[in-house]
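Colleague: Take a look at this one; I'll ask things after.
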Amino acid sequence: MTESALIIFTRNPELGKCKTRLAKTLGDQSALDIYKYLLQHTANIAKKTEADRYVFYSESINYNDIWSNDFFNKKLQNGSDLGMRMLNAFNELLNLGYKKVIIIGSDLLDLNERVIAEASSALDYHDVVIGPAEDGGYYLLGLKKMYPKLFKNKDWGTETVRQDTLKDLQNSNVHLLKELNDIDTFDDMKHYHQLKQFYNTHD
């Protein structure tokens, strides 16, 4: 066991159940193909990260998928909304004795191992690290101890999440990473050439 843990929150990649906003534009199959591509990108990055890696599945644990048991510990998300699921995941790993716990989503092509390494280093000198997403949320959260209020009374999936989170942390020493773009809609992804293989457009 290292002193650092990396949590990856992932949805089980099932047709019609992931990237629903993307599916409205491109259809369920393209949305699923794109999500699987993003998952593979996230797995590749996570493998290069110096931490114990935990994948938390949304619906059920899959023991035979891209998250190889050689690299990843597998757990199930538990909670009534995204906030409670994150709170429970952080609690579980901090209670195991990790000194630093970082959570990332699985829908960022711009995320790389250097960003995660910066977050881990910043936790040596800061209470909390946040990776701001362009949509007003965050793509990364790093903690050394629990702040339960970060996970409560938030409109998850809206542009107010980061602002409300920073309000909760106004008495804490927070390090902000560079802003990145997470992919929820077609507008978020149409400038990525590597995703054009998954859809046909005349743009």
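No lab work stands behind these numbers, since they all come straight from the coordinates. Computed from a predicted structure; not experimentally measured. Every residue, glycine among them, receives a Cβ derived from its backbone with ideal geometry; neighbour counts consider all protein chains shown.
Colleague: By how many degrees, 0 to 90 and rounded to 10, does the Cα axis of helix 113-122 deviate from the longest principal axis of the chain?
Modeller: 20 degrees
Colleague: Could you please state, rounded to a whole Å, how far the C-alpha centre of the stretch 116-168 is from the C-alpha centre of the stretch 35-111?
Modeller: Each part's Cα centre sits 16 Å from the other's.
Colleague: Simple spin-label model, 7 Å along Cα-to-Cβ: residue 127 to residue 69 in nm?
Modeller: About 4.1 nm, to one decimal.
Colleague: Taking every DSSP beta bridge that has both residues in the stretch 85-203, what percent is antiparallel when rounded to the nearest 5?
Modeller: Here the antiparallel bridges make up roughly 70 percent for the stretch 85-203.
Colleague: Write down, largest first, the equivalent ellipsoid semi-axes of the stretch 1-118 in whole Å, where each equals the square root of 5 times an eigenvalue of the alpha-carbon gyration tensor.
Modeller: 24, 16, 13
Colleague: Let me spell out the model: positive unit charges on the Cβ of Lys and Arg, negative unit charges on the Cβ of Asp and Glu, origin at the Cα centre of the chain. What dipole size does that give, in debye rounded to 20? Numbers along the way, then the final one.
Modeller: Values: 25 positive and 29 negative charges, 83 e Å.
Charge dipole of the chain: 400 debye, to the nearest 20.
Colleague: Relative to the longest principal axis of the C-alpha atoms of the chain, give the angle of the C-alpha long axis of helix 82-95, reported between 0 and 90° and rounded to the nearest 10°.
Modeller: 50 degrees
Colleague: Right, here's the next one. Using 0.36 nm times the number of residues separating residue 158 and residue 194, minus their current alpha carbon distance, what extension gain do you get?
Modeller: Gain in length upon complete extension: 10.3 nm.
Colleague: Looking at the stretch 91-199, which GluC sites (Glu not before Pro) are DSSP coil and have at most 16 other C-beta atoms within 10 Å of their C-beta?
Modeller: 134, 159, 179
Colleague: How many nm is it between the label spots at residue 76 and residue 25, if each spot is 7 Å from the Cα in line with the beta carbon?
Modeller: Those two pseudo-labels are separated by 3.4 nm.
Colleague: While we're on this one: What share of the DSSP beta bridges in the chain is antiparallel, in percent to the nearest 5?
Modeller: 30 percent
Colleague: Let me ask something additional. So if R0 is 25 Å, what FRET efficiency would residue 173 and residue 1 give, r being the distance between their Cβ atoms, rounded to the nearest 0.05?
Modeller: Once rounded, the FRET efficiency stands at 0.45.
Colleague: Here is a further query. Principal axis extents for the stretch 27-80, Cα atoms only, whole Å, descending order, please.
Modeller: Over the stretch 27-80, Cα extents along the principal axes are 36, 29, 20 Å.
Colleague: Taking the structure as given and computing Cα extents along the principal axes in Å, which label from (1) 55, 41, 35; (2) 49, 37, 32; (3) 66, 42, 30 fits?
Modeller: Here Cα extents along the principal axes in Å agrees with entry (2).
Colleague: For the stretch 93-198, what is one quarter of the convex hull surface built on the Cα atoms, given in nm²? List each step's numbers first, then the result.
Modeller: Numbers: hull surface 29.7 nm².
Projected over every direction and averaged, the Cα hull of the stretch 93-198 covers 7.4 nm².
Colleague: Next question. Apply 1/(1 + (r/R0)^6) to the Cβ-Cβ distance of residue 185 and residue 58, taking R0 = 25 Å, and write down the FRET efficiency to the nearest 0.05.
Modeller: E between residue 185 and residue 58, to the nearest 0.05, is 0.80.
Colleague: Just need log10 I(q)/I(0) for the stretch 89-154 at q = 0.14, 0.20, 0.23, 0.27 Å⁻¹, Debye formula, equal scatterers on the alpha-carbon atoms, no solvent, rounded to two decimals.
Modeller: Here log10 of I(q) over I(0) equals -0.42, -0.86, -1.10, -1.34.
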